[in-house]
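A.B. asks: Before I ask anything, let me first share the structure, which is written out below as structure tokens.
Just so it is clear, none of the values below were taken in a lab; they were calculated from the coordinates. Everything numeric in this text was worked out from a predicted model, so none of it was measured. As a convention, Cβ positions derive from the backbone with ideal geometry for all residues, glycine included, and neighbour counts pool all protein chains shown.
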């Protein structure tokens, strides 16, 4: 098929956006979801209605833990290869800064989706997070610049 064929559709990739949020001591906010094992960071899938990755990040943070994120800085773009049972896609990670005590006290977890939260030292977060998310978060916090990753790993041919 070519682009002129009526049956030709451009590839569609799922896109999600996550938030790096810390407390005053530099510990990372991690969430324990009810729908999968392990821990994650706030974030989720971008809606297909024209929502941008930044809008998705802000919406997901608000839904999952009741926080209103006003500012962010793009830290990495991670391409996940499709594999059996997983679509792959693009994962964007934004650094949304540190929360003060008042904001932390206002965290409200999404009923039915998020069981718990904690602020974890990076070494603890590295143990709690898994797979490409762990690699993505650790690479992003270690780099002063925006990264391009594939499956959570730097690509030698793409400089930071």
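A.B. asks: To the nearest 10 degrees, how steeply does helix 131-142 sit against the main Cα axis of the chain, on a 0 to 90 scale?
C.D. replies: Long axis of 131-142 versus the principal axis of the chain: about 70 degrees.
A.B. asks: What angle, in degrees between 0 and 90 and rounded to the nearest 10, separates the Cα long axis of helix 53-65 from the longest principal axis of the Cα atoms of the chain?
C.D. replies: Computed tilt is about 40 degrees.
A.B. asks: Can you give the Rg to Rh ratio for the stretch 15-149, taking only C-alpha atoms and Rh from Kirkwood?
C.D. replies: A ratio of 0.93.
A.B. asks: Could I ask something else about it? Where is the GNM fluctuation largest for the chain (alpha-carbon springs, 10 angstrom cutoff): 53, 82, 132?
C.D. replies: Ranking 53, 82, 132 by mean-square fluctuation puts 82 first.
A.B. asks: Continuing with the same structure: Can you sort 35, 148 by how many other beta carbons sit within 10 Å, fewest first?
C.D. replies: Going from least to most buried by this count: 35, 148.
A.B. asks: Then there's this: Just to confirm my numbers, what's the Cα centroid distance between the stretch 89-143 and the stretch 36-71 in Å?
C.D. replies: When both Cα centres are located, 12 Å separates them.
A.B. asks: Report the gain in length on full extension from residue 142 to residue 35: 0.36 nm times residue separation, minus Cα-Cα distance, nm rounded to one decimal.
C.D. replies: Contour length minus Cα-Cα distance gives 35.6 nm.
A.B. asks: Quick one: of the DSSP bridges fully inside the chain, what percent are antiparallel, nearest 5?
C.D. replies: DSSP beta bridges in the chain are roughly 65 percent antiparallel.
A.B. asks: What value, in deg cm²/dmol to 500, does the helix sum -39500 (n - 2.57) over DSSP H runs of n ≥ 4 give at 222 nm once divided by the residues of the chain?
C.D. replies: Theoretical 222 nm ellipticity from helices: -6500 deg cm²/dmol.
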